[in-house]
Every structure is written in C-alpha cells, then in structure tokens.
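As structure tokens, the structure follows; a few thoughts come after it.
The values are calculated or read from the model by the stated rules, or taken from the named source; none is laboratory data. Nothing here was measured: the structure is a model prediction, and the numbers come from that model. Because the Cβ atoms are built from the backbone with ideal geometry, glycine has one as well, and the counts that use them run over all protein chains shown.
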Amino acid sequence: MSTDTMRAVRLHEYGGPEVLRYDEVPVPQPGPGEVLVRVHAVGVNPPDWYLRGGLDRVPGSDSTVSLPVTPGTDVSGVVKAVAEDVDGFAVGDEVFGLLRFPGFDGRAYAEYVAARASDLAHKPAGVDHVRAAGTPMAGLTAWQFLIDLGHGIPSPFQEELHRPTALDADSTVLVNGAAGGVGHFALQLAKWKGARVVAVASGAHESFLNELGADQFIDYTKNRPEDLVNDLDVVLDTVGGPDSRRLLYTLKRGGSHFPVFPGEFDEEETAKLGVTISTAQVRSSGAQLAELGRLIEAGTVRVAIDSTFPLAEARAAHERAARGHIQGKIVLTVAQ
C-alpha cells in the first residue's frame, strides 16, 4: 500500500452490517483550521448504524451524504500534520475528539482523518487510546444534558434552548439505560456533582453500576421505576420511545425529564404533572472534552469498554451493537 493511501471502512450501499467494506483510499489532507490525525482507535455510536441503514442527514444539520462514505465521529490518535492557521496542536500530540457533529462528515473509520482543531482536545496522558475513543460522543452527550450545554443552538426537536438542571447534594437523578455509553457517563457526572443517582438497567449490569456509584439500582425486567421511586429532580432517559412517558411519574413537581432520543409525550399530562421535558443535540466541543478528560485522568469518571474490534472487523462491531445490552462503549482499534 502506498504512503499516499490508507485503509478505511466505507459504505457503498445502505443496509445491514454486511455492507461495511474495508477499502484502500487516499490519505486526506488537512484544510484550514484542521490537523491530520493518525488514528489509533475509533468509538462506535448510534449515528454510525443510522447512516449505514440509510439516514443521509442528521436532523439539525445541513450536511448530506453521498456514497461511498466513511462513517464514524469518535477518534483518538496522534497528530501527523497541522495546517498553518492552527494553534494549540503540534505534530506528535495525542488527541481525541468528536468530529464534525452533528453531521456525517467525521470519516473516523480510517487510518487517518482530517479533523477540525476546534473538535479536538489533548488526550490525557493517563488515558489509553481505546478509552479516549470511547469518550467523545457519549461523554459530551451526558455533559451537555446534565452539566453545561455549551452552545446556543436548540435541538431540532424543540424550540427552546435546553438548560441543564443545577445538581447538588439535594438532587436525585434517575438514569434510564444507565449501563450504556451515555448512561454510564451520566451516572458518574451526576455523582461528581453530589447528586443521589437511581440507575435503571437489566439485572446483568447491577454490580457494574453499583461500582460506578449508583445509590439505587432498578432492574427494569422485574420492576417499573415509577412503582419504586418518586419526587425525583431529573430523569435522563437514554432509551426513549413510547415508554419514556411513564418516567414522568417519578418526578416531583418542577422536575425535569431529559430524553436523549425523542419520546412521545402528552402536553396536557405534562402540564398537569408540573414537569419540564427538554432535549439537546450533542455538538462537537474540544473545550468541553478537555474538561471531561481531566475528570477521567483524575479517576473521577471511568470509561467502560464493552468490547473492541480491529478496524477491518467493523462489521462484527456493528453486529455486537445490534445485539444490545451494551456495557459502556464498543471501540475499533487501528493497527500501527
């Protein structure tokens, strides 16, 4: 393989995991404001399989897709080249980031990627590339929902700007889907702020979530959360769908329900309960990622890895994702 080419996973058609192809393609060149990153690891996220399934535009983004396309947004690697107008990064720096999101222009399933410097943060020295690659989208989603939105753009699913609820020792937060990528970050960030956390997941994840600091665990296969807890301040629902509505009954008046994925809600019911429903769309932020990275390096936040697969086996990674019940993050590794 030429030094001008690299390996990348691309979609030439839409469909199941079998349409992911391991191709030889040109190495990208960084444009203004960008750096070239030699990729060491890539996080696997829901938008990757939405794109594979045929979604050609992320809601709220003007970016559209034409085939063939390389999926992926979460990356950790080493800077190999820097555009002249970029400050703060140099060749040899270890970096991680959520690339060009919202949108499908991240192109992270590859040996090299051209990344906007503003999307990147320096990778903490004590965090390996696998854990770093598992952090950006899931970690920033939890951060922007619970800690600081960090931008002034409403979600495409609501008119109002999302506003996180201030959390402290007097707060109680329920995290639905607490064992997954966003969920396990949300649990730990809420604990960092001093809140009491109720974790909802299947029974297989109980010990894992207790280790992360959950104050109460609910196995949703055996009990309904609304039957066991009430007067909560915040619900962060990483699952969504029609069942999200029932979690409104765990909240106190004045409480907030944050669905990561769109749910189905009745305005009269919400008004009667006196609760707020608010959602956000995660956006790339090197600055916020640097803050999160410091918490990870300090051991305050742990990045759980469900499984890893070589880049060439991206199909197997997507098949793992399709089986569900993920504990933490799925990551692709790139041989050096």
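Data for the structure
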item	result
Counted residues, the stretch 103-120 - those being assigned to a strand (DSSP E or B) and either under 15 Å from H40 (Cα atoms) or out of contact with any Gly (no Cβ under 9 Å at 6 or more places or on another chain) (or both)	6
Tally, over the stretch 80-102, of residues that are within 23 Å of E291 (Cα to Cα), small (G, A, S) and outside any strand (DSSP E or B)	3
Hey, P71 assigned to a loop (DSSP other than H, G, I, E, B) and surrounded by fewer than 22 Cβ atoms within 10 Å (Cβ to Cβ) or not	no
Conditions (1) closer than 20 Å to H122 by Cα; (2) surrounded by 15 or more Cβ atoms within 10 Å (Cβ to Cβ); (3) more than 15 Å from the chain's Cα centre (by Cα); number of the one not met by S61	(1)
Pair list, Cβ under 8 Å, 6 or more apart: the stretch 212-226 residue in contact (Cβ under 8 Å) with a residue 12 or more places away in the chain and in a loop (DSSP other than H, G, I, E, B), other residue among the charged types (D, E, K, R) and surrounded by fewer than 14 Cβ atoms within 10 Å (Cβ to Cβ)	R224/R246
Residues of the stretch 309-332 classified as touching a residue at least 40 places away in the same chain (Cβ under 8 Å), surrounded by 18 or more Cβ atoms within 10 Å (Cβ to Cβ) and not in a helix (DSSP H, G or I), total	7
Any hit, the stretch 268-288, residues being outside any strand (DSSP E or B), hydroxyl-bearing (S, T, Y), surrounded by 22 or more Cβ atoms within 10 Å (Cβ to Cβ) and touching a helix residue (DSSP H, G or I) at 6+ places or on another chain (Cβ under 7 Å)	yes
Residue within the stretch 125-147 that is in the same structural domain as A317 (by TED's automatic domain parsing), modelled with pLDDT under 95 and in a loop (DSSP other than H, G, I, E, B) present	yes
Residue list for the stretch 171-210, restricted to those being in a loop (DSSP other than H, G, I, E, B) and either out of contact with any Asp or Glu (no Cβ under 8 Å at 6 or more places or on another chain) or among the basic types (K, R) (or both)	A178, A179, G180, K193
Meets criteria (surrounded by 16 or more Cβ atoms within 10 Å (Cβ to Cβ) and either more than 28 Å from R131 (Cβ to Cβ) or acidic (D, E) (or both)) for E84	no
Candidates D237, D243, filtered to the one that is surrounded by 14 or more Cβ atoms within 10 Å (Cβ to Cβ) and closer than 19 Å to L140 by Cα	D237
Verdict on G203 being touching a strand residue (DSSP E or B) at 6+ places or on another chain (Cβ under 7 Å), exposed (fewer than 14 other Cβ atoms within 10 Å of the Cβ) and of a type outside the set (A, V, I, L, M)	yes
Filtered residue count, the stretch 246-267, keeping only those that are surrounded by 12 or more Cβ atoms within 10 Å (Cβ to Cβ) and part of a helix (DSSP H, G or I)	5
Number of the condition not met by G240 [criteria: (1) of a type in the set (G, A, S); (2) touching a His at 6+ places or on another chain (Cβ under 7 Å); (3) on the phi > 0 side of the Ramachandran plot]	(2)
Hits in the stretch 289-306 (condition: more than 16 Å from the chain's Cα centre (by Cα) and either outside any loop (DSSP other than H, G, I, E, B) or polar (S, T, N, Q) (or both))	R294, L295, E297, T300
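Residue-by-condition table, conditions (1) assigned by TED's automatic domain parsing to the domain that holds Y50; (2) modelled with pLDDT of 95 or more:
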| site | (1), (2) |
| --- | --- |
| D233 | no, yes |
| T238 | no, yes |
| P242 | no, no |
| L248 | no, yes |
| K252 | no, yes |
| V282 | no, yes |
| L289 | no, yes |
| K329 | yes, yes |
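Table: residues versus (1) surrounded by 22 or more Cβ atoms within 10 Å (Cβ to Cβ); (2) touching a residue at least 24 places away in the same chain (Cβ under 8 Å).
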| position | (1), (2) |
| --- | --- |
| A90 | no, no |
| G103 | no, yes |
| A108 | yes, yes |
| V113 | yes, yes |
| S118 | no, yes |
| P124 | no, yes |
| A133 | yes, yes |
| G139 | yes, yes |
